[in-house]
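Worksheet: one structure, shown below.
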Amino acid sequence: ARDQTWVCSDASSSPILLSLRRGQATVTYAQSLLGAPETRLTALDNGLRIASEETGHSTCTVGLWIGCGSRYETEKNNGAGFFLEHMAFKGTKKHTQMALEQQVESMGAHLSAYTSREHTAYYMKTLAKDLPKAVELLSEVVQSNALSEADIEQQRSVVLRELEEVEGSLQDVCLDLLHATAFQGTPLGHSVLGPSQNARTLSRQDLVDFIKSHYKAPRMVLAAAGGVTHEELVGLAKQHFSGVSFEYEDDAVPVLSPCRFSGSEIRMRDDDMPLAHIAIAVEGASAASPDIVPLMVANSIIGSYDITFGGGKHLSSRLARLASEESLCHSFQAFHSSYSDTGLLGIYFVTDKHHIDDMMHWSQNAWMNLCTTVTESDVARAKNALKASLVGQLDGTTPKCDDIGRHVLNYGRRIPLAEWDARIDAVTPRMVRDVCSKYIYDKCPAVSAVGPVEQLPDYNRMRSAMYWLRF
Amino acid sequence: MLSLAARSGALSPYLQATNVAVNGSVKALLPGAVKGDSLLKSSSKKAPAISACVSAPGGIRMAHTDIKVPDFSDYRRPELLDPKKSSQESSESRKTFSYLVTGATAVVGVYTAKTVATQFISSMSASADVLAMSKIEVKLGEIPEGKNMTFKWRGKPLFIRHRTEKEIATEEAVDMAMLRDPQHDKDRVANPKWIIVIGVCTHLGCVPIANAGDYGGYYCPCHGSHYDASGRIRKGPAPLNLEVPYYEFPDDDTVVVG
């Protein structure tokens with residue numbers, strides 16, 4: 001039973017100040033976990049899955065999540081998915097670009113898309129009552145894109161311009177290079193953006209072929225979150241998406257082969273840059289692996305840091321404390337990018353050219369601590385932080401919808417918060433140590449460095465720091 | 001790229017393509033060229049963009065996605081040549097191999113280092129010619145029975161005496177209790193026929209005279225020490241028996257002392 005609390009303007013008689021629940025939230029954590037409505041999942045005959053969470057908001061986010069990305073591209077058409085994303089909103093067979101934009105704008109909706117290495121998403125944020133129109137427009141964008149030659153030529157320069165601009169986002173450059181070196185020679189090494197040569201030479205036929213080979217119903221999920229009913233959504237899907245093909249030409253179903261991880265490094269040294277961006281990573285766990293949760297807890301132990309943090313020497317992460325007290329870096333974060341059969345578990349940091357050696361040393365020291373001496377209090381703190389961030393990220397219809405789409409593609413179902421919570425609770429320090437030793441201890445890392453990186457230690461030194469002789 | 005820019009002086013802003021990222025504005029490759037066209041220039045017109053950098057190694061890279069990681073297949077281990085196979089499976093065996101080879105090399109290396117160090121240090125010890133001087137080889141056939149021969153060995157006189165049967169019997173029969181420095185004759189000779197001692201009196205270092213003294217052995221004239229045919233002190237001020245050096249008989253006719 002929930003307490004009814006209300007605030008009166010007259011503070012002296014305000015019940016909230018007198019109630020026993022003063023200073024507490026009205027909803028407990030357990031209630032917030034269990035109170036989330038269940039995500040319902042159905043499938044059409046052609047294999048397209050529909051998943052939705054009815055939250056009762058007056059807005060909704062609905063979108064199509066497709067299991068294709070740069071990992072499915074070859075050297076020759078690397079960048080096709082990204083190019084296609086650019087072409088997506090340039091008009092369909094039924095609506096010209098102007099007409100499409102006008103339809104979207106008049107609803108007051110936001111239409112966007114993203115492409116990653118294994119997923120592509122087209123989604124729309126709109127009022128709940130505009131769901132039918134939204135699904136119709138989305139189905140057009142995905143199935144009957146105009147792909148006019150003129151637009152393609154025009155988008156080339158836009159893509160090239162975007163390639164130039166992304167050079168300024170050094171975090172993206174660094175992490176792209178990390179993938180390129182860690183998964184060298186494999187499709188996961190491709191950047192989503194593709195090389196500039198491909199941006200100049202991709203033709204309409206390449207894009208059409210790409211759509212034909214990858215936009216298939218069994219690999220698509222129509223996800224929605226907000227004030228939508230599942231039945232209505234299924235009806236709309238049947239109406240608009242029944243025609244999506246589920247057969248491949250020559251029965252050539254693209255199967256993802258495993259991608260080899262290579263311990264290696266890439267250094268893009270430029271002493272004119274003010275800060276160095278460095279990432280070090282080992283091969284991590286796949287999205288569906290049971291080791292995901294202990295690794296997430298381990299990353300929470302290391303945490304993240306920014307020079308604007310005010311905690312100083314009272315920050316809970318040991319690495320953050322050191323970073324703050326010794327001015328080791330401007331920022332760092334522990335990350336884990338997981339794909340369907342592999343992953344990258346690493347630490348990314350930004351620092352000036354005189355602290356690279358120290359920062360790398362202490363980062364690897366933090367890893368060694370995870371493998372050997374992580375304590376009960378570390379794990380307890382990390383579990384709380386992780387739970388808080390998992391719950392806190394889902395604070396709107398769009399993050400929820402994204403969560404639904406990605407989960408159904410990765411796991412075949414939506415993993416509810418209560419399940420995450422239970423799995424996080426099951427993590428013990430021994431488990432963290434064992435799992436981290438399995439992935440980190442004495443493994444060859446992949447390193448990428450951009451900027452004034454003269455001080456970055458030699459690869460053999462960094463490799464030697466992946467184990468401790470004292471053990 | 002950087003060294004080239006430093007050397008080219010006035011042209012440096014136009015040759016540093018990476019400056020683009022830092023300043024956020026595109027530096028034109030040629031003065032007067034339109035801003036923002038750098039990537040496009042090379043697609044539409046070849047000459048202007050590329051000629052400015054014809055001396056730069058490999059031309060100018062525009063996007064980080066153009067960087068191609070080289071193919072290192074020539075250097076990879078066989079288990080890792082296939083990019084479609086996960087590297088985790090072979091990880092154990094690769095590490096074991098590497099560590100075994102490292103361990104074995106370390107053992108061999110330590111042994112080699114020890115050997116080299118020993119050789120260098122032992123080179124400071126006595127050389128072969130000095131060591132050779134430390135030994136003396138004597139032909140026993142030249143020493144008749146009953147005769148004592150003196151040789152210079154390690155700067156000291158060396159007495160080799162060919163003893164008669166009578167002398168041997170006498171010396172073996174001597175009672176230990178009577179000796180100042182009790183030693184049985186058997187303990188002082190390897191072959192009873194030959195007594196080999198250093199001819200330095202144990203009193204104050206004079207050289208005893210052979211076939212002299214009351215005991216059929218040696219007599220030191222300095223202070224009157226009498227030694228017997230086994231070189232043991234019998235009478236006089238000397239405290240110890242004559243020193244018996246190390247010797248061996250490579251064959252019946254030769255002795256090597258030292």
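In the stretch A:414-452, the residue that is farthest from A:VAL166 (Cα to Cα) out of those that are assigned to a loop (DSSP other than H, G, I, E, B) and of a type in the set (Lys, Arg) is A:ARG414. In this structure, B:LEU140 does not satisfy being closer than 15 Å to B:VAL255 by Cβ and in contact with a Gly (Cβ under 8 Å, 6 or more places away or on another chain). Within the stretch A:67-99, if we keep just the residues that are in contact (Cβ under 8 Å) with a residue 40 or more places away in the chain and of a type in the set (A, V, I, L, M), the residue that is farthest from A:PRO195 (Cα to Cα) turns out to be A:ALA88. Among the residues making up the stretch B:167-188, a single one is surrounded by 19 or more Cβ atoms within 10 Å (Cβ to Cβ) and over 12 Å from B:ASN241 (Cβ atoms): B:GLU167.
Among the residues making up the stretch B:74-97, those that are facing another protein chain (nearest Cβ under 8 Å) and in a helix (DSSP H, G or I) are B:LEU80, B:SER91, B:LYS95. The sole residue among A:GLY67, A:GLY63, A:GLY47 that is more than 14 Å from chain B (Cβ to nearest Cβ), surrounded by fewer than 19 Cβ atoms within 10 Å (Cβ to Cβ), under 26 Å from the mean Cα position of the chain (by Cα) and under 20 Å from A:PHE241 (Cβ atoms) is A:GLY47. Quick check on A:ILE292: is it under 25 Å from B:PRO83 (Cβ atoms), of a type in the set (A, V, I, L, M, F, W, C) and within 18 Å of the chain's Cα centre (by Cα)? Against the criterion (under 25 Å from B:PRO83 (Cβ atoms), of a type in the set (A, V, I, L, M, F, W, C) and within 18 Å of the chain's Cα centre (by Cα)), A:ILE292 qualifies.
For the stretch A:283-298, what are the residues that are surrounded by fewer than 21 Cβ atoms within 10 Å (Cβ to Cβ) and either in contact with a strand residue (DSSP E or B) (Cβ under 9 Å, 6 or more places away or on another chain) or not assigned by the TED database to the domain that holds A:ARG433 (or both)? Result: A:SER286, A:ALA287, A:ALA288, A:SER289, A:ILE292. Residues of the stretch B:179-237 being of a type in the set (Ser, Thr, Tyr) and not in a strand (DSSP E or B), which ones? Across the stretch B:179-237, the qualifying residues are B:THR202, B:TYR215, B:SER230. State all residues of the stretch A:171-188 that are touching a residue at least 40 places away in the same chain (Cβ under 8 Å), more than 7 Å from every other protein chain (Cβ to nearest Cβ) and assigned to a helix (DSSP H, G or I); if no residue qualifies, say none. Within the stretch A:171-188, A:GLN171, A:CYS174, A:LEU175, A:LEU178, A:HIS179, A:ALA182, A:PRO187, A:LEU188 meet the criteria.
Quick one: count up the residues across the stretch B:155-166 that are among the charged types (D, E, K, R) and surrounded by 12 or more Cβ atoms within 10 Å (Cβ to Cβ).
The number of residues fulfilling the criteria is 3.
Residues that are under 30 Å from B:SER87 (Cα atoms), assigned to a loop (DSSP other than H, G, I, E, B) and not aliphatic (A, V, I, L, M) occur in the stretch A:118-126; there is at least one.
Quick grid of which residues meet (1) surrounded by fewer than 22 Cβ atoms within 10 Å (Cβ to Cβ); (2) outside the structural domain of A:GLY185 (by the TED database); (3) closer than 21 Å to A:GLN143 by Cβ:
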| site | (1), (2), (3) |
| --- | --- |
| A:SER52 | no, no, yes |
| A:LEU100 | yes, no, yes |
| A:SER106 | yes, no, no |
| A:TYR114 | yes, no, yes |
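Note on the stretch A:154-170: residues that are within 11 Å of chain B (Cβ to nearest Cβ) and either free of Cβ contacts under 8 Å to residues at least 12 places away in the same chain or among the basic types (Lys, Arg) (or both) total 8.
Could you identify the single residue in A:VAL192, A:VAL208, A:VAL228 that is touching a strand residue (DSSP E or B) at 6+ places or on another chain (Cβ under 7 Å), aliphatic (A, V, I, L, M) and within 23 Å of A:ASP151 (Cβ to Cβ)?
A:VAL192
When B:ARG94 is tested against (1) in contact (Cβ under 8 Å) with a residue 12 or more places away in the chain; (2) touching a Lys or Arg at 6+ places or on another chain (Cβ under 9 Å); (3) loosely packed, with under 13 Cβ neighbours inside 10 Å, just one condition goes unmet, and that condition is (3).
Given the structure, is A:ARG406 surrounded by 14 or more Cβ atoms within 10 Å (Cβ to Cβ), closer than 30 Å to A:THR42 by Cβ, in contact (Cβ under 8 Å) with a residue 24 or more places away in the chain and not β-branched (Val, Ile, Thr)? Against the criterion (surrounded by 14 or more Cβ atoms within 10 Å (Cβ to Cβ), closer than 30 Å to A:THR42 by Cβ, in contact (Cβ under 8 Å) with a residue 24 or more places away in the chain and not β-branched (Val, Ile, Thr)), A:ARG406 qualifies. In the stretch A:189-232, of all residues being among the polar types (S, T, N, Q) and within 14 Å of chain B (Cβ to nearest Cβ), the one that is surrounded by the most Cβ atoms within 10 Å (Cβ to Cβ) corresponds to A:SER191.
Taken residue by residue, the stretch A:360-380 has no member that is surrounded by 16 or more Cβ atoms within 10 Å (Cβ to Cβ), within 14 Å of chain B (Cβ to nearest Cβ) and part of a loop (DSSP other than H, G, I, E, B).
Out of the residues in the stretch B:121-137 that are touching a residue at least 12 places away in the same chain (Cβ under 8 Å) and assigned to a loop (DSSP other than H, G, I, E, B), state the one that is nearest to B:ASP251 (Cα to Cα).
We begin by selecting, within the stretch B:121-137, every residue touching a residue at least 12 places away in the same chain (Cβ under 8 Å); these are B:133-137.
Those still in the list that are assigned to a loop (DSSP other than H, G, I, E, B) too: B:134-135.
Details: B:SER134: 20, B:LYS135: 16 Å.
The residue in question is B:LYS135.
Name the residue that is farthest from the other protein chains (Cβ to nearest Cβ), counting only residues in the stretch A:240-279 that are part of a helix (DSSP H, G or I) and touching a residue at least 12 places away in the same chain (Cβ under 8 Å).
Checking each candidate, the answer is A:HIS240.
The values are calculated or read from the model by the stated rules, or taken from the named source; none is laboratory data. Small disclaimer: the values here were computed from a predicted structure and weren't measured. Virtual Cβ from ideal backbone geometry, glycine too; neighbours counted across all protein chains shown.
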